[in-house]
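The values are calculated or read from the model by the stated rules, or taken from the named source; none is laboratory data. Nothing here was measured: the structure is a model prediction, and the numbers come from that model. Methodologically, a virtual Cβ is constructed for each residue, glycine included, from the backbone with ideal geometry; neighbour enumeration extends over all protein chains shown. Accessible surface is based on the protein model in full, side chains and every heavy atom, while ligands, DNA and RNA are left aside. Shrake-Rupley method; radii C 1.70, N 1.55, O 1.52, S 1.80 Å.
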Amino acid sequence: APYTLEEAIGGPCRGWPSFPTRNRGANRRQLLATLRALEVASVPQQPPSLPGSDSEEEEEVVGTKKKRTKKGLFAGASSEVEEKRKKKRHKQGPPSSDSKEEEVERKKCHKGVLLGSDLAEEEKKKRKCQKQIPSNLAQPLDSVDQTDSKAWNSSATSDLTKPTCETPSSNPPHTLSRKQWRNRQKNKRRQKNKFRPSQPPEQAPAPASAEEAEVPSAPSPDSHGARAEALRARMAQRLDGARFRYLNEQLYSGPSSAAQRLFQEDPEAFLLYHRGFQNQVKKWPLQPVDRIARDLRQRPASLVVADFGCGDCRLASSIRNRVHCFDLASLDPRVTVCDMAQVPLEDESIDVAVFCLSLMGTNIRDFLEEANRVLKPGGLLKVAEVSSRFEDVRTFLGAVTKLGFKVISKDLTNSHFFLFDFEKTGPPRVGPKTQLSGLKLQPCLYKRR
């Protein structure tokens with residue numbers, strides 16, 4: 001039925017007369033129905049499907065069909081290959097031995113590949129099982145014997161089909177860890193090497209057998225003798241050092257007359273003392289006797305020298321002058337054995353008097369007065385003494401000047417000894433009973449090293 005313009009627009013318009021209209025709801029329903037019919041006609045109809053139920057079953061069916069088709073293709077291809085091989089065999093005739101061997105080898109290789117893959121899988125499973133086994137149950141790898149390893153390999157090959165791993169139910173008692181086993185081996189080697197004699201690094205020891213290595217080799221008698229000789233020499237050296245310290249203390253703590261009697265009763269004691277004294281002086285950077293000899297070489301060779309406490313006559317051997325050598329004992333034919341407080345010389349008979357480390361004893365004043373007696377007027381007195389003996393150098397020099405001398409020079413630069421030069425001015429200016437405290441020097445005592 002035809003519609004009016006007002007009905008199509010949906011309401012009356014201005015300026016237009018109002019006409020009677022039909023039911024609007026029915027028209028709208030009719031339009032919607034037509035639109036739906038057009039949509040259904042344009043889209044192909046599909047059966048409704050629930051998610052997750054029928055679609056999945058259909059997909060599985062399609063997948064199985066594809067797999068079956070693939071298998072069928074492979075089977076067909078394999079059947080075709082077999083038919084071709086059979087035709088070739090019929091043409092060639094009966095199969096030869098070589099072809100049979102080739103087929104056997106192919107089968108073996110195929111089986112070996114399968115076995116190798118199975119073995120690899122078994123090894124992986126064993127490793128997992130060993131990780132699960134506690135550390136205290138595992139035996140050290142080094143302590144396992146070869147027979148055990150063979151048995152393990154055989155059991156492993158026989159039980160390849162068993163996927164499960166079982167821990168050993170019974171372990172040997174007193175199993176050691178790897179660290180304990182290594183420590184035990186180290187202790188055994190140390191125990192063996194303890195009894196072996198020491199050898200130089202150039203000569204390597206010959207490889208010994210296992211039985212000889214277990215028994216410690218006895219040291220040779222030559223090594224025993226060498227050790228005994230070294231021990232004896234060391235003990236003798238210590239004994240000589242002790243005797244030298246004792247003799248040195250006796251010389252500094254008593255008068256010269258007592259020291260002379262000591263060396264007369266025991267002549268070897270003086271030799272021992274002189275050897276120990278030389279060992280001590282060798283350590284000094286400069287020996288005082290060499291310094292005195294150098295000074296005397298610059299003076300005329302006509303001067304007569306008296307060496308008080310000459311020892312081995314080293315000064316007499318170093319200069320051209322005539323030298324009178326005096327000491328408590330003789331180590332050289334040129335030595336005159338006497339007490340230095342009373343030397344067999346006439347008054348005012350020498351030009352130079354030398355005391356090189358020989359102002360020993362408690363009667364130093366007697367030595368200096370004797371030197372004043374034998375020196376000519378204007379004669380030279382040279383004194384060298386250990387620096388540690390002087391508490392006050394000035395008081396010492398003052399005491400010497402009272403005995404008829406004058407200080408010419410002094411050298412206090414050396415760290416081990418001091419050197420003084422005096423000139424005779426006349427007889428002593430003090431009486432014999434006057435005490436001179438500056439002449440009391442400290443004893444030179446050597447400590448035990």
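One table, with the values for the structure above:
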| item | result |
| --- | --- |
| Residue in the range 349-362 that is open to solvent by 20 Å² or more (accessible area, probe 1.4 Å), charged (D, E, K, R) and touching a helix residue (DSSP H, G or I) at 6+ places or on another chain (Cβ under 7 Å) present | no |
| Pair list, Cβ under 8 Å, 6 or more apart: the range 381-403 residue more than 14 Å from Asp421 (Cα to Cα) and without any contact (Cβ under 8 Å) to a residue 24 or more places away in the chain, other residue open to solvent by 30 Å² or more (accessible area, probe 1.4 Å) and not in a loop (DSSP other than H, G, I, E, B) | none |
| Failed condition for Asn414, given (1) touching a residue at least 60 places away in the same chain (Cβ under 8 Å); (2) touching a Gly at 6+ places or on another chain (Cβ under 7 Å) | (2) |
| Leu345 farther than 24 Å from Phe263 by Cα and either surrounded by fewer than 19 Cβ atoms within 10 Å (Cβ to Cβ) or without any contact (Cβ under 8 Å) to a residue 40 or more places away in the chain (or both) | no |
| Flag if Asp332 is open to solvent by 20 Å² or more (accessible area, probe 1.4 Å), acidic (Asp, Glu) and modelled with pLDDT of 95 or more | no |
| Residue match in the range 368-385 (condition: at pLDDT below 95 and either farther than 23 Å from Val323 by Cβ or among the aliphatic types (A, V, I, L, M) (or both)) | no |
| Options Gly404, Gly438, Gly431: the member that is more than 21 Å from Arg294 (Cα to Cα) and loosely packed, with under 11 Cβ neighbours inside 10 Å | Gly431 |
| Any hit, the range 335-345, residues being of a type in the set (A, V, I, L, M, F, W, C), outside any loop (DSSP other than H, G, I, E, B), in contact with an Asp or Glu (Cβ under 8 Å, 6 or more places away or on another chain) and over 20 Å from Asp421 (Cα atoms) | yes |
| Positions within the range 364-380 being in a strand (DSSP E or B) and farther than 12 Å from Phe422 by Cβ, in sequence order | Lys376, Pro377 |
| Hits in the range 232-268 - residues which are closer than 21 Å to Lys440 by Cβ, open to solvent by less than 40 Å² (accessible area, probe 1.4 Å) and under 54 Å from the mean Cα position of the chain (by Cα) | Asn248, Leu251, Tyr252 |
| Where Phe326 falls short, out of the listed (1) out of contact with any helix residue (DSSP H, G or I) (no Cβ under 8 Å at 6 or more places or on another chain); (2) closer than 22 Å to Ser387 by Cα; (3) buried (at least 18 other Cβ atoms within 10 Å of the Cβ) | (2) |
| Residue in the range 409-423 that is open to solvent by 30 Å² or more (accessible area, probe 1.4 Å) and more than 19 Å from Pro288 (Cα to Cα) present | yes |
| Residue in the range 270-287 that is open to solvent by less than 20 Å² (accessible area, probe 1.4 Å) and either farther than 30 Å from Thr413 by Cβ or charged (D, E, K, R) (or both) present | yes |
| Output for the range 298-312, where each listed residue is of a type in the set (Gly, Ala, Ser) and either open to solvent by less than 70 Å² (accessible area, probe 1.4 Å) or in contact with a helix residue (DSSP H, G or I) (Cβ under 7 Å, 6 or more places away or on another chain) (or both) | Ala301, Ala306, Gly309, Gly311 |
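Rundown of residues vs (1) under 56 Å from the mean Cα position of the chain (by Cα); (2) not in a loop (DSSP other than H, G, I, E, B), yes/no style:
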site: Pro300; (1), (2): no, no
site: Asp307; (1), (2): no, yes
site: Asp312; (1), (2): yes, no
site: Phe326; (1), (2): no, yes
site: Asp332; (1), (2): yes, no
site: Thr362; (1), (2): yes, no
